[in-house]
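What follows is a short report on a single structure.
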Amino acid sequence: MAKTNAMRILDRLKISYEIKTYTVEESNLSAEHVADLINMPAEQVFKTLVARTGKRDIALACIPGDSELNTKTLGAVAGGKKADLVALKEVQSLTGYIRGGVSPLGTKKPLPVYLDQSAQQWPIISISAGQRGTQIIIAPNDLIHATQAILCDITK
């Protein structure tokens, strides 16, 4: 399997991780579905959402697959009033990734990462490896180290 930018970053930082692959179903890219396919609970499979936290500020929010982003809280943590999810058509130009394959690692330019604090209740969590069909299994503290993520409570 070809390494993704996310994997190369972890390799460079000497952070251990595991890869889980699954067959992509275009009709269902939900984190809950991915969780079923890789045999992990949805609350342990983190989806990465792209949000606008100011006029031009973009941030990544990593939240459990079975949760909804609290845009007000994310906005406040990011130093604004509220955050709004970017339009799907903007995701690739802002991150370099397509919907269903957005990783908090290896975006085309560094973006702040806000990781929901629930990640710390797990020994490992799953995040996108930067392509559909591939997940990285990683310890939450290693992800925080690799992304300089800010731990916060950003789900409803």
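A few points about this structure:
- Cross-link partners for Lys55 among the aspartates and glutamates, with Cα-Cα distance under 13 Å and sequence neighbours closer than 8 places in the same chain left out: Asp84.
- Burial ranking of peptide ranges 4-12, 125-133 (average Cβ count within 10 Å, highest at the top): 125-133, 4-12
- Per-residue 3J(HN,Hα) values for region 66-79, derived from phi via the Karplus relation 6.51 cos²θ - 1.76 cosθ + 1.60 with θ = phi - 60°, read 9, 10, 10, 6, 8, 5, 5, 5, 4, x, 5, 5, 7, x Hz in sequence order (x marks Gly and Pro).
- Protection proxy ranking of 135-141, 87-93, 150-156 - average other beta-carbon atoms within 10 Å, highest first: 135-141, 150-156, 87-93
- Mean residue ellipticity (222 nm) of the chain, computed from DSSP H runs ≥ 4 via -39,500 (n - 2.57), nearest 500: -6500 deg cm²/dmol
- Three-way shape label, region 56-124, alpha-carbon gyration tensor, a/c 1.5: oblate
- Under Karplus coefficients 6.51, -1.76 and 1.60, residue-wise ³J(HN,Hα) of region 38-47 in Hz, glycine/proline x: 9, 6, 9, x, 4, 6, 9, 9, 8, 9
- If the segment from Arg56 to Met1 were pulled out straight at 0.36 nm per residue, it would be longer than the present Cα-Cα gap by 16.2 nm.
- Counting only residues at least eight positions apart within a chain, or on another chain, the lysines with an alpha carbon under 25 Å from that of Lys3 are Lys14, Lys20, Lys47, Lys108, Lys109.
- Cα→Cβ-extended label distance, 7 Å offset, between Gln120 and Lys81, nm: 3.1
- Distance between the pseudo-spin-label points of Ser16 and Leu88 (7 Å out from Cα toward the beta carbon): 3.9 nm.
- Toward the positive end of the charge dipole of the chain, with +1 on the Cβ of Lys and Arg and -1 on the Cβ of Asp and Glu, the farthest Cα among Gln117, Leu37, Ala51 is that of Ala51.
- Here the chain is treated as an ellipsoid with the same Cα gyration tensor; its semi-axes, largest first and in whole Å, are 22, 16, 16.
- An ellipsoid equivalent to region 87-156, defined through the eigenvalues of its Cα gyration tensor, has semi-axes of 21, 14, 12 Å when rounded to whole angstrom and sorted largest first.
- Summary of the geometry: region 95-156 and region 1-27, compared by the centres of their Cα atoms, lie 12 Å apart.
- R0 of 30 Å, Cβ-Cβ distance Arg8-Lys72: FRET efficiency to nearest 0.05: 0.25
- J(HN,Hα) series, region 141-150, from Karplus relation 6.51 cos²θ - 1.76 cosθ + 1.60, nearest Hz, glycine and proline x: 5, 5, 5, 4, 4, 5, 10, 6, 5, 9
None of the figures in this text is laboratory data; all of them are computed from the coordinates on show. Just so we're clear, the structure is a prediction, and the values are computed from it rather than from any experiment. As a convention, Cβ positions derive from the backbone with ideal geometry for all residues, glycine included, and neighbour counts pool all protein chains shown.
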